[in-house]
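Here's the structure we're looking at; comments come further down.
No value in this document is a laboratory result; all are computed from the given coordinates. Source: prediction; values computed, not measured. Neighbour counts are summed over all protein chains in view; Cβ atoms, including those assigned to glycine, are modelled from backbone coordinates with ideal geometry.
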Amino acid sequence: MLSRVLIVGITVNNDLELHPAASHCANCSATVSGHFCHQCGQETVLHPPSAREFMHEFIGHYVALEGKLWKSLGLLLFRPGRLSLEYIKGRRVRYVQPLRMYLTFSLIFFATLKLVGFDSFEHGAKAPHPATASAPAAGHAPARPAASGNGIEVIHEDNPGEFRNGTQPLRDKVRTYSPHIADRMSELVEMEGSRREQALKAAFYAYAPYAIFFMMPVFAFYLKILYLGTGRRYGEHLLFALHTNGFAFLAMTLIALVPAGFGLVEFALQLWLTFYLPIAMRQVYGGSRTLTALRWVVLMVLHLLTMAIAVFVATGYGMLH
């Protein structure tokens, strides 16, 4: 790989020698000498590139990205906390940026979740086949839960008016503050169950990723509180949050893609996902195993609670707008 980079770099440099460099940067007007501006980094040779130069530039960037990606993945997957330590110590150019890595893995996870469905995380809970599902007793319509103004009530499919009437007081109260939301609630109530479920899924996939992303500063804040007195800055906690949650998205994506017959592989991934965070915490922050375990439990309780609330609010917002 190194030889490929050297060959690409030498070839590009030879091509640049064919064109004179400007004395001033066209971007920031700084006085320059050479093929790159020392002030902003832009090239000083601005001729239209040939097809060969374009291909050399593309290959050079691909090789560099490939090296960064594999180095970053190796540390992220098999050395918990090591990637964060490398970044904190200043060794950053050789790795993929934390925010880019987090966003990439989160997008891949939600795309996979949308493709394979939620049930991919529960291989043992298979839905019954329509031909073998037990039929409801004669003379009784199937019951289903529905939200009402006072909580959850069980209604029957043969009397959907109960559901509409049960939500009417809540809609009347909402209408005094936002007629648009009240109208949207009425539309959702009038929808068939399958259409309402589709609207819920669409709102989840559209807004849940944003809610989870905006939980990263909160996750870092929890770490800041749990590690008061260690001298760690908030930015270091945010860096750690991006790396560990990026790993979580990657691990959950792999779990979703494991075939049903590979239970041992799925179990190993779930086990590694469970214990990855406390191992990374001890690697980055230090401390005894007991104290790290206590901090880990508190962190997970707080994070899962606030994330569930954020996803619920974001999904509700998506359905009502």
Response to the item:
Expressed as a percent, the portion of alpha-carbon pairs in the range 277-321 spaced more than 15 Å apart is 55
Worksheet, complete the sentence: Placing each pseudo-label 7 Å from Cα in the direction of the beta carbon, residue 225 and residue 293 end up separated by a distance in nanometres of 2.3
Worksheet item: Structure shown: which of 71/224; 114/224; 201/224; 68/114; 71/114 lie over 31 Å apart, alpha-carbon to alpha-carbon?
Response: 114/224; 201/224
